[in-house]
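These notes are about the structure you will find just below.
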Amino acid sequence: MLYGTPLHSEHRMTAHGGLALFVRGVDGTTGQHRPAPRTPNRRQRRRAPREPERTAQLLVRGLAALILLGLVVMTAFFALGGDRRPDAEAATGPRTDPLASRSVDTAPLTIEEVFPDRREVRPPAARPYRITTTHTDTDCRTATTGALGALLVAHGCSQVVRGGTTAPYDGYEVTTGLFNLADEAGANQVDDQLRHLVETGDGGFATLPATRGTLPTSQVGWNATGHYLLYCVITRTDGKLVTSDDPVGERITAELVDSYLVTMLARRSGNTA
């Protein structure tokens, strides 16, 4: 029986599911023919890594340029600001406390300024005090006792403005006012020496009218603000002692000296905020 080779080429499926073409070689052997792999283009192989690298370099250079520009602008801004600040200070001059001395705060006090309502004193957030009498004098000694008058005169006291009041607390009467001294330093020196005078009985504040109360039965409070000495003298209508720890006396000092008179001076200096 003669056997012959088929006229058509044999083919079968490859392991990967594709067609594998079998060809017979010149020497009669058969083999699997696969297309030769394509060699990648040399230019494409070189450009692919270089284009992202070049873009990153451009971004870094741009960012560095922006940072440098920002530093230059900030340096110029602070340099100009430093040059202008001394000019502004020279134009306005150093700020002076309006109440530092009588050479700046030249206008004398008046009863109308200290007690604008001649009937009542109205401390902030407190009940009103009824005014019984008011007094002003260029001789500060008329409102003092003992050595305090001479101490005030030695520090240039030019006037005293005061008022006698009935407190909104049963049985308490108060004389309150302020002395106009030459400067803040003098007011602070009087403030420092006043406690010793009061504790030893060598000096103090007189009541208004002077026949009401005596120093041993009264409580006094004071405060130096600018070139002014603010004060109050608290007495009882029954003549009893107003002790240093009397809560009503402490409240009166806070309302009249620390609140009412301090607020009045703040308006005078323009510092009403």
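A short reminder: the numbers here are calculations on the coordinates, not readings from a lab. What you see is a predicted model; the values in this text were computed from it and never measured. With ideal geometry, Cβ positions are generated from the backbone for all residues, glycine too; neighbour counts draw on all protein chains shown.
Remarks
- Each of Leu178, Leu68, Leu265 was scored by other Cβ atoms within 10 Å of its Cβ. Listed from fewest to most, they are Leu68, Leu265, Leu178.
- Packing-based order for 231-240, 118-127, 218-227, using average beta carbon neighbours within 10 Å, highest first: 218-227, 231-240, 118-127
- Burial ranking of peptide ranges 202-210, 184-192, 157-165 (average Cβ count within 10 Å, highest at the top): 157-165, 202-210, 184-192
- Rg and Dmax over the alpha-carbon atoms of segment 111-269 stand at 14.2, 39 Å.
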